[in-house]
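Below: the structure, in structure tokens.
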């Protein structure tokens with residue numbers, strides 16, 4: 001595998017999930033990823049979900065409240081620049097990925113297909129022409145089909161393929177609500193298939209690859225190892241594990257964080273060593289540092305629009321910082337990190353950072369507002385529908401405390 005060189009063949013799996021519109025492809029993507037996350041070290045399955053769309057369909061779409069979904073979701077059309085950045089990031093992936101793409105592919109989308117290795121296709125009886133277009137693209141770029149599954153809202157989930165058939169066929173029944181989990185024999189077969197494919201690249205082999213570029217002089221925080229040591233039965237981080245984790249770290253160390261974790265965990269670790277350098281591993285870019293954010297007023301017409309929404313909270317005020325990424329825009333670390341401008345917060349106001357943001361922007365904003373001496377800072381975790389305090393210099397807002405969003 002050669003993920004660090006875009007001009008060579010990247011053999012890490014990139015499974016493209018395609019479907020006509022409103023077929024359940026994002027629901028399937030979410031459920032597949034959640035199923036893969038159930039495996040614990042050393043049998044865990046490192047992977048990343050790359051959502052190659054501009055409509056803001058992330059995990060929060062299935063985990064946040066309906067009101068939060070309404071506020072965070074952004075619709076947009078694809079641009080040539082967007083397509084090229086998507087193709088580039090898929091091509092240089094550093095872990096196995098699931099690529100969430102929907103609608104009807106067009107002539108400008110060939111590059112995205114060429115960056116993938118396998119496909120899962122959801123089919124519908126009333127979209128035969130669309131399905132054939134998908135098949136043509138998959139065949140043209142030599143993707144290995146893993147499954148063609150009929151999407152349905154009712155009826156039993158079945159498998160029509162035989163055990164040794166190269167392509168899984170059958171039907172999956174989706175619930176009436178996005179938040180409903182998928183069950184059934186066809187979904188189980190998909191999980192088994194994807195698990196076997198992704199496990200052909202063992203976690204220790206991937207980690208050795210990533211260690212080659214680890215930043216020197218940093219204390220590497222391997223989240224999966226720490227979680228297994230702190231609570232072997234846990235599959236995900238909870239706020240009560242934050243203090244025990246920090247007790248294992250050197251107070252003045254330069255931290256470099258590796259592994260899957262919620263935004264509030266990364267934010268707390270980014271602030272743990274105060275102003276010391278901090279690094280985080282990104283499955284698209286590798287080891288990166290949170291960008292330096294400049295103080296000021298965003299220029300009218302700039303790509304990133306920041307809204308500040310003061311809401312009363314007891315006798316104090318909190319500020320909800322929800323950056324809005326415009327339609328037709330792909331927020332790219334390499335292009336945009338050095339151009340971010342955010343206004344200074346009002347004095348003595350707590351800060352909640354929310355929005356459909358990349359992890360590196362959450363950590364950058366946490367450090368930015370800590371340097372501005374905010375009394376406390378919380379990062380919004382959509383799965384909890386709460387903001388989690390990651391920094392505080394006042395009583396009443398301890399690190400790890402859940403803060404309801406102003407409403």
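The values are calculated or read from the model by the stated rules, or taken from the named source; none is laboratory data. No experiment lies behind these values; they were computed from the predicted model shown. Cβ: placed from backbone, ideal geometry, glycine included. Neighbour counts: every protein chain shown.
Observations
- Some residue of the stretch 164-187 being assigned by TED's automatic domain parsing to the domain that holds residue 30, under 18 Å from residue 19 (Cβ atoms) and part of a helix (DSSP H, G or I): yes
- Within the option set 232, 277, 291, being crowded, with 17+ Cβ neighbours inside 10 Å and in contact (Cβ under 8 Å) with a residue 40 or more places away in the chain holds for one residue only, 291.
- Residue identified as in the same structural domain as residue 271 (by TED's automatic domain parsing), within 26 Å of residue 258 (Cα to Cα) and at pLDDT 85 or above among 395, 382, 374, 364: 364
Condition check ((1) at pLDDT 95 or above; (2) farther than 20 Å from residue 145 by Cβ) across all residues:
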| residue | (1), (2) |
| --- | --- |
| 171 | yes, no |
| 180 | no, yes |
| 183 | no, yes |
| 188 | yes, no |
| 192 | yes, no |
| 197 | yes, no |
| 215 | yes, yes |
| 236 | no, yes |
| 244 | yes, yes |
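- Looking only at the stretch 334-352, and only at residues there that are surrounded by 19 or more Cβ atoms within 10 Å (Cβ to Cβ) and touching a residue at least 40 places away in the same chain (Cβ under 8 Å), the one that is farthest from residue 51 (Cα to Cα): 350
- Filter pass, residue 298 being in a loop (DSSP other than H, G, I, E, B) and at pLDDT 95 or above: no
- Taken over the stretch 354-407, the criterion of being at positive phi and surrounded by fewer than 21 Cβ atoms within 10 Å (Cβ to Cβ) is satisfied by 373, 385, 396, 400.
- Residue 320 vs. criteria more than 23 Å from residue 206 (Cα to Cα) and modelled with pLDDT under 95: yes
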